[in-house]
1. Kindly list the number of the only condition in (1) in a loop (DSSP other than H, G, I, E, B); (2) within 14 Å of another protein chain (Cβ to nearest Cβ) that fails for A:Leu15.
2. If I filter the stretch B:79-92 for residues that are away from chain A (no Cβ under 12 Å) and of a type in the set (Lys, Arg), do I get at least one hit?
3. Of the residues B:Ala68, B:Ala78, B:Ala93, which single one is over 13 Å from the mean Cα position of the chain (by Cα), outside any strand (DSSP E or B) and free of Cβ contacts under 8 Å to residues at least 12 places away in the same chain?
4. Of the numbered conditions (1) free of Cβ contacts under 8 Å to residues at least 40 places away in the same chain; (2) within 14 Å of another protein chain (Cβ to nearest Cβ); (3) surrounded by 20 or more Cβ atoms within 10 Å (Cβ to Cβ); (4) not basic (Lys, Arg), B:Trp126 satisfies every one except a single condition; which is it?
5. Would you check which residues across the stretch A:66-83 are more than 25 Å from B:Tyr88 (Cβ to Cβ) and assigned to a loop (DSSP other than H, G, I, E, B) and list them?
6. Would you check if B:Ala6 is at pLDDT 95 or above and either of a type in the set (Gly, Ala, Ser) or more than 17 Å from the chain's Cα centre (by Cα) (or both)?
7. Of the residues in the stretch B:17-64, how many are in contact with a Phe, Trp or Tyr (Cβ under 6 Å, 6 or more places away or on another chain) and more than 14 Å from every other protein chain (Cβ to nearest Cβ)?
8. Among residues belonging to the stretch A:16-43 that are of a type in the set (Gly, Ala, Ser) and touching a residue at least 12 places away in the same chain (Cβ under 8 Å), point out the one that is farthest from A:Phe76 (Cα to Cα).
Amino acid sequence: MSTSGLAKLVFLGRLEDIAGMGELAVTPGPLEHILAALDPALAVELLGERVRMALNGALLGDNEAVVLAEGDELAFLPPVSGG
Amino acid sequence: MPDSGAAVRLLGEGFSPAEEMATFTAAHPEAGGIVSFLGQVRAEPGAHAVEALELKHYAAMTLPGMEALAAATRKRWALDGLLIIHRYGVMRAGDPIVLVAAAARHRRDAFAAADFAMDHLKSQSWFWKREKTASGWRWIEPRPDDHRDRARW
C-alpha cells in the first residue's frame with residue numbers, strides 16, 4: 001500500500017487493543033480534524049490525560065498544537081511499564 | 001563501540017545472562033568491581049500464574065531512550081563500562097527480561113550506577129507490558145513504587 005501523501009498514527013500498549021490496529025494512515029492536517037474522523041470511543045482514549053504524544057520520535061508538550069504533515073508519525077503513548 | 005562506551009541492546013530473542021556477563025567481565029580487566037542486575041519473568045503458583053509476559057516497544061523511541069539513559073548513567077558515575085540489555089516480545093517464567101551491568105574501579109560507583117539505570121528502565125523507558133493468565137491477556141499499569149524509585153535520584 002502506498003502511503004505517499006499521508007501521515008501515520010501509532011497506537012502503543014493497550015491503545016493498540018482499543019484501536020484494533022497498531023498503525024493508521026491518515027490525511028495530514030490539524031490533529032483535531034484527524035481525531036474527529038476516528039471512532040469517538042478511540043478518540044477519547046487517545047486524548048486521556050495519562051496518554052503522551054510523540055511526533056517523529058520526540059515527545060510533545062501538554063498543550064502543543066499538532067498539525068501533521070505528509071510523512072509525519074504521531075505516536076500515542078500510555079503510561080509505561082518496563083523491566 | 002570502544003570499551004569506554006556503553007553497550008546498549010534491545011533484543012527480540014532470548015539471551016544468556018551468563019554469556020553476556022562473561023564477555024562484559026573479560027572486556028573490563030581494569031575494573032575492580034562489576035555489579036549486575038538480572039530481571040526475569042516471575043513464576044507464580046496458583047490461579048494468578050503468569051503463563052506469558054509480553055513487552056512491546058516503539059522503534060522510534062525505545063532504543064534511543066535506552067541509549068540516552070546509558071549516557072546519563074556514565075556521566076554521573078566514574079565507570080569503566082556499562083551494559084544494558086532489554087528484551088521485547090513474548091517471554092515465559094524464568095526467561096531473562098533485563099540485564100544491567102556496571103564496571104568500575106570502585107564498587108560504590110558500580111552499585112549506584114546499576115541501581116540508577118534499573119530504576120529508570122522500570123519507570124521511564126518506552127515499554128508496555130501485558131501478562132497472560134488463565135483469564136487472558138491484561139495490560140500492566142506502572143506501580144506507584146516505580147515512580148518513587150525514580151524519585152530517589
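The values are calculated or read from the model by the stated rules, or taken from the named source; none is laboratory data. Note that the coordinates shown come from a computational prediction; the quantities given were computed from them, not determined experimentally. So basically every Cβ, Gly included, is an ideal-geometry build from the backbone, and we count neighbours across all protein chains shown.
1. Answer for A:Leu15: the failing condition is (1).
2. yes
3. Within the list B:Ala68, B:Ala78, B:Ala93, the selection yields B:Ala68.
4. (1)
5. Answer for the stretch A:66-83, where residues must be more than 25 Å from B:Tyr88 (Cβ to Cβ) and assigned to a loop (DSSP other than H, G, I, E, B): A:Val66, A:Ala69, A:Glu70, A:Gly71.
6. Spelling it out, it is not the case that B:Ala6 is at pLDDT 95 or above and either of a type in the set (Gly, Ala, Ser) or more than 17 Å from the chain's Cα centre (by Cα) (or both).
7. 1
8. The residue in question is A:Gly29.
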